[in-house]
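Have a look at the structure below before the remarks.
The values are calculated or read from the model by the stated rules, or taken from the named source; none is laboratory data. These figures come from a predicted structure and were not determined experimentally. Methodologically, a virtual Cβ is constructed for each residue, glycine included, from the backbone with ideal geometry; neighbour enumeration extends over all protein chains shown. Note: areas computed on protein heavy atoms with side chains; ligands, DNA, RNA excluded. Shrake-Rupley method; radii C 1.70, N 1.55, O 1.52, S 1.80 Å.
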Amino acid sequence: MSKSLFLTSTDARSGKSAIALGLMEMLKRKIARVGFFRPIVNVRHDHGEQDYDIQLMSGYYRLEDEYHDMFGCTLAEAVSLSNKGREDQIIETILNKFHTLSEKHDFVLCEGTDFRGTSTSFEFDINAEVARNLGSPVLLAARAGDRTVAETLDATELALDSLTDLGCKVIATIVNRVAEKDRWELLAKLRGLEKAGSQLLYAIPEDRTLGAPTLREVARVLNAKVLSGEKEMDRHVHGFAVAAMQLVHFLEHLEPGLLVIVPGDRADVIISCMAACTSAAMANPSALVLTSGMEPDPVIWKLVEGLRIQLPILAVDDLTFEVARRVNDVKSEIAPTNRRKITRAVGLFEQAVDVDKLEAAIIDSETKVVTPKMFEYELIRRAQSRRQTIVLPEGGDERILRAAEILLRRDVADLILLGNPDQLRNRAARMGLHLEKAEMVDPADSELFETYAHQFLDLRKHKGITLENARDAMSDVSYFGTMMVHEGRADGMVSGANHTTAATIRPGFEIIKTQPGAHVVSSVFFMCLTDRVLVYGDCAINPDPNAAQLAEIALSSARTAQTFGVEPRVALLSYSSGDSGQGVDVEKVREATGIAKERAAELWPDLLIEGPIQYDAAVDPGVGKKKMPDSKVAGRATVLIFPDLNTGNNTYKAVQRSSGAVAVGPVLQGLNRPVNDLSRGCTVPDIVNTVAITAVQAQALKDAESIE
């Protein structure tokens, strides 16, 4: 079930606000708490501006959320970050604010940008990227307006192509502002578009009133003085004309709802327009705008007042053609107080759209896309929910210090940094970092040093070590940090930025040891692709596991996947699928699959396991259906188990480098307490993610112990 919908448009002036009103009205009839969110707003808050659509929804539906909680960032901020190559920061900011808002609501209607910025291509791409990362199905609002049917189809098809290519799930397209004569032809041709697929398609007819600004909006833009007709300022302006010709010719062009722009000394035009309002043979203008800072002569004004005709008259200081230029740029907005426009917008929506069918499509829609940012966000959120204490032995590394500040600032975990406290604080100060919340421990000067040395001696004396050997071990930050985890001073450890994998993991084997029933420690990588997260194992620890070990790695990897929100469907990989191949390597995988299925039948009967199976058959639905048509895993695998370290390590690096996937890991599994390894080339985000993973593992292990 979807808990959000992303409304985006093909371009500017699509009537997206009116569609949003119809959607909100529809949603609020069935869902108790509906929120409204705009990922990006094109306003200047430093000038006191606020987004019209947020004001509209918040004001009309009396939403209780604060204004600043209902948007992610401004368009100017997003463009600036994009120009600096920091698109990830845009998405992260939006995700954080969206999820904070969504926690208060049962459903959130999101509305994309207005395409009034300088780069419409940037806006389209960022809308699609945001929708994908929010995991929201998309409703496309397309504009007809003054376009022909062919032009409207081209614009709509191009937008649908782009959204599909960018990984969005479009559940409906609504073409707005359609000429009544074109409506049914347009709908018929829309249904013929290949990209339209099975989505819902609707066309809302043009309504001049919705697109027409009110006199009040015009007066605000012109900074006009209202000379008369204050009570008529909610009239709509359907066009404008400059009265620059002789009166007889001007009257020929007078139309209903016309805003007449004229110099203030043209008494003939003023009186004629007033007279037209009393004549059944003449069209009634909407209002007069008197330009050039001139107002009617007192005698003329006395005549105007005596006519007692409710024709609004505005006065401005600007010259006539400057006023015409500014009026042409006035964009109509639906104000929360303009119930007439709102009622009309909702009415048009409900007449053109099958509300019940659209509502069902929105609520029942489920997007399977899991983007890297979605995975990282959920990872951080889970770590924050029950903060754990993580020890970082390599406290002197600059990357560790920078990651520590981020982790502490975001309340991801409590941290213990190993190293000389004075040196660590001085270095942090020089780097401009705030690490006051971090505990800093120097193993050599710690009161725990001797205690840990004797405890390590007890753990390893069967191996013939001496107390001196034990003290030497505790002088190693990785051993000291592992002992802190073993003794419960920390819930997990992350190391490896300056140490080999063996140096990080060996203390875990010797001190923490494996979980009951576990015979092998293995690893997985979370491979965050553009549209999903896959779990690869084992790509870092075991060079050539036998069949029993491979089966255990498969089951451990499935549990790790489940812990981190990835539904496990396990594929044990080989160079052949099913019974098609023979050979020692294939037989090992076949035997491992049998063992894994046998063990799962007792402990996890609904776990799906397949093998041997080739990689393409495991992840590509088309290939999977062809090679293994009866398999419930083929084409849908989420946990991929490689037969040996050579295959796994090379594959994860090939996928990472060639596809741009984010590889999070290695994540170790099988130890009594979480210890995770960093690569020596790790980045600050890698460290942040690994600490969060370690914290979530610690939570899961504590939960398992409490059940037992």
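Before moving on, here are some points about what is shown:
- Any pair with Cβ under 6 angstrom, 6 or more apart, that starts in the stretch 131-142 at a residue that is over 18 Å from T100 (Cα atoms) and ends at one that is in a strand (DSSP E or B) and of a type in the set (G, A, S): L139/A172; A141/S9
- The single condition among (1) surrounded by fewer than 19 Cβ atoms within 10 Å (Cβ to Cβ); (2) more than 19 Å from V485 (Cα to Cα); (3) not aromatic (F, W, Y) that D686 does not satisfy is (1).
- Filter result (more than 21 Å from the chain's Cα centre (by Cα) and either crowded, with 24+ Cβ neighbours inside 10 Å or among the small types (G, A, S) (or both)) within the stretch 153-176: A155, T156, I174, V175, N176
Let's see how each residue does on (1) within 23 Å of K104 (Cβ to Cβ); (2) in contact with a Lys or Arg (Cβ under 9 Å, 6 or more places away or on another chain):
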| site | (1), (2) |
| --- | --- |
| L5 | yes, no |
| A12 | no, yes |
| A18 | no, yes |
| M26 | yes, no |
| A32 | yes, no |
| I40 | yes, no |
| H47 | no, no |
| D51 | yes, yes |
| Y60 | yes, yes |
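- Per-region count, the stretch 371-403, residues without any contact (Cβ under 8 Å) to a residue 40 or more places away in the chain and either crowded, with 20+ Cβ neighbours inside 10 Å or outside any helix (DSSP H, G or I) (or both): 2
- Hits in the stretch 432-456 (condition: open to solvent by 40 Å² or more (accessible area, probe 1.4 Å) and either closer than 21 Å to A695 by Cα or under 45 Å from the mean Cα position of the chain (by Cα) (or both)): G432, H434, E436, K437, E439
- Sole exception among (1) touching a strand residue (DSSP E or B) at 6+ places or on another chain (Cβ under 6 Å); (2) of a type in the set (G, A, S); (3) free of Cβ contacts under 8 Å to residues at least 24 places away in the same chain for G112, by number: (3)
- Lone qualifier among E487, E510, E468 - being among the acidic types (D, E) and free of Cβ contacts under 8 Å to residues at least 12 places away in the same chain: E468
- Candidate set: the stretch 509-537, residues that are out of contact with any Gly (no Cβ under 9 Å at 6 or more places or on another chain) and open to solvent by 60 Å² or more (accessible area, probe 1.4 Å); chosen: the one nearest to P685 (Cα to Cα): R532
- Within the stretch 345-370, restricting attention to residues that are in contact with a strand residue (DSSP E or B) (Cβ under 8 Å, 6 or more places away or on another chain) and at pLDDT below 75, the residue that is surrounded by the most Cβ atoms within 10 Å (Cβ to Cβ) is V370.
- Any chance A540 is open to solvent by 10 Å² or more (accessible area, probe 1.4 Å), over 23 Å from E705 (Cβ atoms), in contact (Cβ under 8 Å) with a residue 40 or more places away in the chain and in contact with a Ser or Thr (Cβ under 7 Å, 6 or more places away or on another chain): yes
- Complete set of residues in the stretch 674-683 that are open to solvent by 10 Å² or more (accessible area, probe 1.4 Å) and closer than 19 Å to L407 by Cβ: S679, T683
- F98 being part of a helix (DSSP H, G or I), aromatic (F, W, Y) and modelled with pLDDT of 85 or more: yes
- Entirely in the stretch 235-344, the strands (runs of 3 or more DSSP E) that have 1 or more residues that are under 30 Å from D51 (Cβ atoms), open to solvent by 70 Å² or more (accessible area, probe 1.4 Å) and not charged (D, E, K, R): 239-242
- The residue pairs whose first member lies in the stretch 205-227 and is crowded, with 20+ Cβ neighbours inside 10 Å, whose second member is aromatic (F, W, Y), and whose beta carbons are closer than 9 Å, counting only pairs six or more residues apart or on different chains, are V218/F240.
- A single member of E602, E552 is free of Cβ contacts under 8 Å to residues at least 24 places away in the same chain, over 27 Å from P372 (Cα atoms) and of a type outside the set (S, T, N, Q), and it is E602.
- Taking the criterion of being among the small types (G, A, S) and out of contact with any Gly (no Cβ under 9 Å at 6 or more places or on another chain), the residues of the stretch 434-466 that qualify are A444, S446, A453, G464.
- Among the candidates L459, L418, residue that is within 24 Å of G681 (Cβ to Cβ), hydrophobic (A, V, I, L, M, F, W, C) and more than 29 Å from the chain's Cα centre (by Cα): L418
- The helices (runs of 4 or more DSSP H) falling completely within the stretch 108-221 that include 2 or more residues that are charged (D, E, K, R) and over 23 Å from Q351 (Cβ atoms) map to 120-134, 149-165.
- Taking the criterion of being modelled with pLDDT of 90 or more and part of a helix (DSSP H, G or I), the residues of the stretch 406-426 that qualify are L407, L408, P421, D422, Q423, L424, R425, N426.
- Only a single item in (1) touching a helix residue (DSSP H, G or I) at 6+ places or on another chain (Cβ under 7 Å); (2) buried (at least 17 other Cβ atoms within 10 Å of the Cβ) is not met by M484, and it is number (1).
- Restricting attention to the stretch 376-397, the residues that are out of contact with any strand residue (DSSP E or B) (no Cβ under 6 Å at 6 or more places or on another chain) and of a type in the set (A, V, I, L, M, F, W, C) add up to 3.
- Per the listing R489, R471, R427, R506, the residue uniquely within 20 Å of A692 (Cα to Cα), open to solvent by 60 Å² or more (accessible area, probe 1.4 Å) and not hydroxyl-bearing (S, T, Y) is R489.
- Residue satisfying all of: in the stretch 457-468; in a helix (DSSP H, G or I) and surrounded by 13 or more Cβ atoms within 10 Å (Cβ to Cβ); modelled with the lowest pLDDT among these: K461
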